[in-house]
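The values are calculated or read from the model by the stated rules, or taken from the named source; none is laboratory data. Computed from a predicted structure; not experimentally measured. All Cβ positions, glycine included, derive from the backbone under ideal geometry; neighbour counts span all protein chains shown.
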Amino acid sequence: MRKAKDRDFVETVEGLLFCLVGYLHPAQGYTAYLKYVAVAEGKWSRSGIGYRRVLDYYHVTEVEKTFDLLRDRYPDYVFRCPVRNTTISTVPIDRVKQYYVPEERLQGILETENTDKLEEEVQELVEFLSDLSNVSPRNFGVTGSILLRTHDPRFSDVDLTVLGVEASQRVKEALTEKRRRSGSPIKEMKPEKAEKWIRERMERFPLTRMEAELFLSRRWNYGYYGDRYFSIHPVRLDEEITEEYGDNRYIPLGVTEGTAVITSSRESIFLPAIYEVGEAQVRGRDGLEIREIVSYEGLYSGIARDAETVSFKGLVEEIETRSKEVYHRVLIGSTTLRGRDYIKPLLN
């Protein structure tokens, strides 16, 4: 049986649509955030039912707002996690009406001729990426509104998934190389949209303009295929999901900041993004060894490279494994810091 994965969706018996986050799910439910709710007239729709987004963009402060809505109307979906020592939204398995799998939806699009204009573009884009990277179409999926069949060809984006670290790296390398060539169907943001992106990130995150420009230059998994905006999100294969809920216990120790050298960025393409680090200098915590920096904020996925020195600010967590081994990490994207945390390469 396929394991639950980041960017799968579930629909509840009340018609709420949740997007799964990461790979750590309690036995009785799915860690997920509320993405769409049914309304009388919505921008998104299917079978005569309208939907609206509960949050316009993914950010810890926006996700926190959904907790208030859930506490008020659907308290069963708010969960105090004893493993992560935090409050999260979780969909109990017995409240799931339908589970949506990105790979299954994409295969349906690839195998049928009864598609709309947007689904035809999905076919073209996946075939292009498959040929470009030599990654099988079966390693791809489609998430977001297309997965849920609430999309509208007039304005919807294409949000793809890629299964596995090796396939994802091949897609990343192929796209990065293709962008350097003239005549590529993959386009960057136009200057006015790039400027808007930079300004918005400077407003939402602790980034200088130079840092925001660097982040934009390293975003390999976003772009335009013709006039259609698309995103690509690596997700783990079943065998790459090695931690089960309860294997580790995460104990918050407080906020810290400092610098570290990236020893491996291989796992940083996923959500959560995992950077293995060494030579960490942690302000005010002499002798504390930080093994990794982990981000649930997607902006920081795949940003830092091997051997780079990064600055960071986040929540220090002590991790106690089932075998009683203890180590420490820095968490980015916690409700404690509410978007004031970061990991970013040090600029010369």
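What to note about this one:
- Residues that are over 22 Å from P252 (Cβ atoms), over 21 Å from the mean Cα position of the chain (by Cα) and of a type in the set (A, V, I, L, M, F, W, C) do occur in the range 87-99, at least one of them.
- Scanning the range 56-73 for residues that are in a loop (DSSP other than H, G, I, E, B) and either surrounded by fewer than 18 Cβ atoms within 10 Å (Cβ to Cβ) or not assigned by TED's automatic domain parsing to the domain that holds L20 (or both) yields D56, Y57, Y58.
- When the range 328-348 is limited to residues that are assigned to a strand (DSSP E or B) and of a type outside the set (A, V, I, L, M), the one that is surrounded by the fewest Cβ atoms within 10 Å (Cβ to Cβ) turns out to be P345.
- Members of the range 10-33 found to be assigned to a loop (DSSP other than H, G, I, E, B), more than 17 Å from P82 (Cβ to Cβ) and touching a helix residue (DSSP H, G or I) at 6+ places or on another chain (Cβ under 7 Å), listed by number: V13
- For the range 288-312, a tally of residues being among the hydroxyl-bearing types (S, T, Y) and assigned to a strand (DSSP E or B) returns 3.
- Output for the range 303-327, where each listed residue is crowded, with 18+ Cβ neighbours inside 10 Å, closer than 19 Å to R266 by Cα and in contact with a Lys or Arg (Cβ under 7 Å, 6 or more places away or on another chain): I303, V310
- Residue among E173, E177 that alone is over 30 Å from K313 (Cα atoms) and either touching a Cys at 6+ places or on another chain (Cβ under 7 Å) or among the acidic types (D, E) (or both): E177
- Residue check, R84 more than 22 Å from I241 (Cα to Cα), in a loop (DSSP other than H, G, I, E, B) and not β-branched (V, I, T): no
- Boolean, N114 is at pLDDT 95 or above, over 21 Å from A273 (Cβ atoms) and surrounded by fewer than 13 Cβ atoms within 10 Å (Cβ to Cβ): no
- From R201, R170, R149, R209, residue being modelled with pLDDT of 95 or more, within 26 Å of Y30 (Cβ to Cβ) and of a type in the set (K, R): R149
- Of note, L125 does not satisfy the criterion of being part of a helix (DSSP H, G or I), hydrophobic (A, V, I, L, M, F, W, C) and at pLDDT below 95.
- Residues in the range 32-57 that are of a type in the set (G, A, S), on the phi < 0 side of the Ramachandran plot and either in contact with a strand residue (DSSP E or B) (Cβ under 6 Å, 6 or more places away or on another chain) or free of Cβ contacts under 8 Å to residues at least 40 places away in the same chain (or both): A32, A38, A40, G42, G50.
- Residue within the range 132-155 that is under 30 Å from T336 (Cβ atoms) and not hydroxyl-bearing (S, T, Y) present: yes
- Evaluation of R285 against (1) assigned to a strand (DSSP E or B); (2) in contact (Cβ under 8 Å) with a residue 24 or more places away in the chain (one fails), failing number: (1)
- Within the range 250-267, the presence of a residue that is touching a helix residue (DSSP H, G or I) at 6+ places or on another chain (Cβ under 7 Å), among the hydroxyl-bearing types (S, T, Y), in contact (Cβ under 8 Å) with a residue 40 or more places away in the chain and buried (at least 16 other Cβ atoms within 10 Å of the Cβ) is excluded.
- Matching residues in the range 197-222 - criterion: being farther than 13 Å from G298 by Cβ and either of a type in the set (V, I, T) or free of Cβ contacts under 8 Å to residues at least 40 places away in the same chain (or both): W197, I198, R199, E200, M202, E203, T208, R209, A212, E213, L216, S217
- Residue match in the range 248-261 (condition: on the phi < 0 side of the Ramachandran plot and part of a loop (DSSP other than H, G, I, E, B)): no
- Top-ranked residue of the range 1-33 - restricted to ones that are among the hydrophobic types (A, V, I, L, M, F, W, C), farther than 18 Å from Y245 by Cα and more than 14 Å from the chain's Cα centre (by Cα), ranked as surrounded by the fewest Cβ atoms within 10 Å (Cβ to Cβ): V13
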